[in-house]
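K.L.:
Have a look at this one.
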Amino acid sequence: MLLVVARELGMNAPLTVSVPHRLGKDEAVRRLKGGLARMAANLGALITIEQEVWTGDRLTFQMRGLGQSVAGTIEVFDDSIRIDVVLPWLLAKLGERLLPAMSKEAMLLLEKK
């Protein structure tokens with residue numbers, strides 16, 4: 001379920017996706033940490049996670065896909081997660097097509113496994 005999408009014009013276009021949950025902050029963080037390896041395996045042919053740093057309830061990441069570098073954050077709240085991604089120009093053109101995949105992967109990360 002996609003709640004918020006924001007893009008700005010410019011060299012790098014930030015993209016924001018907000019995904020609601022009913023897990024509470026601690027459980028959502030736990031599931032995200034456990035689910036990132038699964039996501040990397042599922043999308044391994046398309047993306048490579050180059051950096052993943054947790055600071056409290058906030059993940060900062062760097063990944064590479066389609067020869068492009070993408071940076072972003074995932075911030076965990078009590079009832080939602082917010083994913084902010086800065087896309088290079090080429091991927092920004094595909095941004096609207098990437099939104100359903102980002103939302104789906106976020107939901108899968110939060111699933112109980």
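Nothing in this text is a laboratory measurement; each read-out follows from the coordinates by a stated rule. Bear in mind the structure is a predicted one, so any value in this text is a computation, not a measurement. Don't worry about glycine lacking a Cβ; one is built from the backbone with ideal geometry, like all the others, and counts go over all protein chains shown.
K.L.:
Need the full-extension length gain, Thr60 to Lys104, defined as separation in residues times 0.36 nm minus the C-alpha distance. One decimal, nm.
P.N.:
Values: separation 44, 0.36 × 44 = 15.84 nm, distance 1.94 nm.
Length gained, Thr60 through Lys104: 13.9 nm.
K.L.:
List the residues whose amide H sits under 5 Å from the amide H of Leu87, counting only those 5 or more places along or on another chain, with H placed 1.01 Å from N in the peptide plane.
P.N.:
Amide H to amide H, under 5 Å and 5 or more residues apart or across chains, Leu87 pairs with Ala13, Leu15.
K.L.:
Right, another one. Calculate one ³J(HN,Hα) per residue across segment 25-37 by plugging θ = phi - 60° into the Karplus curve 6.51 cos²θ - 1.76 cosθ + 1.60, and present them in order as whole Hz with x for glycine and proline.
P.N.:
So the J values, rounded to whole Hz, are 4, 4, 5, 5, 4, 4, 5, 5, 4, x, x, 5, 5.
K.L.:
For segment 73-87, what does the Karplus curve 6.51 cos²θ - 1.76 cosθ + 1.60, with θ = phi - 60°, yield as ³J(HN,Hα) per residue in whole Hz, taken in order and with x for Gly and Pro?
P.N.:
9, 10, 10, 9, 10, 4, 10, 6, 10, 10, 10, 10, 10, 9, 9
K.L.:
Ranked highest first by the average count of other Cβ atoms within 10 Å around their residues, in what order do 32-40, 80-88, 44-52, 17-25 fall? The partial results should precede the final answer.
P.N.:
Numbers: 32-40: 15.3, 80-88: 19.3, 44-52: 12.2, 17-25: 17.1.
Per-residue mean Cβ counts within 10 Å order the peptides as 80-88, 17-25, 32-40, 44-52.
K.L.:
Next up: What list of ³J(HN,Hα) couplings, whole Hz, do you get for segment 62-69 from phi and the Karplus terms 6.51, -1.76, 1.60, once you set θ to phi - 60° and write x for glycine and proline?
P.N.:
9, 9, 10, x, 6, x, 10, 8
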